[in-house]
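Each reported figure results from applying straightforward, stated rules to the coordinates on display, with no laboratory input. Being a predicted model, the structure only gives us computed values, none of them experimental. Counting neighbours? That spans all protein chains shown, and the Cβs are built from the backbone with ideal geometry, glycine included.
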Amino acid sequence: MQGKGAMLDKLQDNELVTRFQQGQHDVFEELVSRYVGRLYSMGLRMCGNTDDAQDMLQETFVAAFKGMDAFRAEAKFSVWLFQIAKHACMRMRRKSKFSPREIFSLDELALGEDERKTLSVVDWHRTPIDELLNKELQGVLDETIHLLPSDLRMVLLLRDVEGFSAEETGKIIGASVSAVKSRLHRARLFARKHLHLYCQGEVRSHA
Amino acid sequence: MPDSKAKSIASKMTCKEIFAFLSEYVDGELSEELCEAIQTHNGNCPPCQAFVDTFITTIELVKKQPAKPLPPAVKDELNAALNRCREALDQAR
């Protein structure tokens, strides 16, 4: 006979929500276990410190718990939960003194003349991903993401780390699909530029 | 699309235009015609090809980032907060 947890983990998110709305409040634990790691990671990358990430995590799940009865089944639970998390992140950000530096302009992120002369001989893109993703580069990636303005950072995390579609990301952040695509493009270009500078030795990891 | 048509479009595309389409190209959102034109352009423009390769590598690195470990104390405090919510909800009913 399977335990209660083993059965719950086979249910879709929205089926768990229905059970919650029918009074089975302990199913919320299963929803928490599905999203707690992802939300904490996003919170840490958005807020930049563990205290704010913890506050954001707690605020998100408490608000979700209190709002579960109002959740409508036609929505997607993960999108709704990340909407709440996005608002919590914004509140944490307002409390924070951290302010990213000015991002490069689009022209600076494009293939400039200096880079045109050297890029074809730079071989960092030929190294296997798993080899590249060592501890130092991980630190550079964290730093790169942290340097992005928060609206670009949020889109990069939702699209490329969390795997939400452009439409879902637009719903989460309250922006059009074209705005999501534009922000994602700028964020990726910025990340590429920063990694390229690191690989050329012009940026050092603080990890 | 015939090779000659792709070559014709590619010959008119500037490096800057390629650059503007890159995310849609990587995400598979461009028409076959434009994809072929970009590939043809890049075949004749090594810096653009290297730029695209480093752009794709960057996206793969971002996507493959491991999740941040969740400290047990954070999970414990979250559970405590949710238990308080559940008790309050149960008492209210």
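Checking each residue in region B:48-93 for being among the aliphatic types (A, V, I, L, M) and within 13 Å of the chain's Cα centre (by Cα) picks out B:Val52, B:Ile56, B:Ile59, B:Leu61, B:Val62.
Residues that are farther than 22 Å from A:Ile84 by Cβ, out of contact with any Leu (no Cβ under 9 Å at 6 or more places or on another chain) and buried (at least 18 other Cβ atoms within 10 Å of the Cβ) within region A:148-198 comprise just one, A:Lys181.
For region A:10-26, the count of residues that are assigned to a helix (DSSP H, G or I), of a type outside the set (A, V, I, L, M, F, W, C) and under 30 Å from A:Leu148 (Cβ atoms) is nonzero. Here is the figure for region B:49-76: residues that are assigned to a helix (DSSP H, G or I) and more than 7 Å from chain A (Cβ to nearest Cβ) total 6. Looking across region A:43-54, the residues that are at the interface with chain B (Cβ under 10 Å from one of its Cβ atoms) and either surrounded by 20 or more Cβ atoms within 10 Å (Cβ to Cβ) or touching a residue at least 12 places away in the same chain (Cβ under 8 Å) (or both) come down to A:Gly43, A:Leu44, A:Arg45, A:Ala53, A:Gln54. Here A:Leu11 clears all of (1) out of contact with any helix residue (DSSP H, G or I) (no Cβ under 6 Å at 6 or more places or on another chain); (2) in contact (Cβ under 8 Å) with a residue 40 or more places away in the chain except the condition numbered (2).
Residues that are among the basic types (Lys, Arg) and within 20 Å of B:Glu29 (Cβ to Cβ) number at least 2 in the following helices (runs of 4 or more DSSP H) confined to region A:139-207: A:177-199.
Across region B:10-51, the qualifying residues are those that are touching a Phe, Trp or Tyr at 6+ places or on another chain (Cβ under 8 Å) and among the aromatic types (Phe, Trp, Tyr), and the one among them that is surrounded by the most Cβ atoms within 10 Å (Cβ to Cβ) is B:Phe51.
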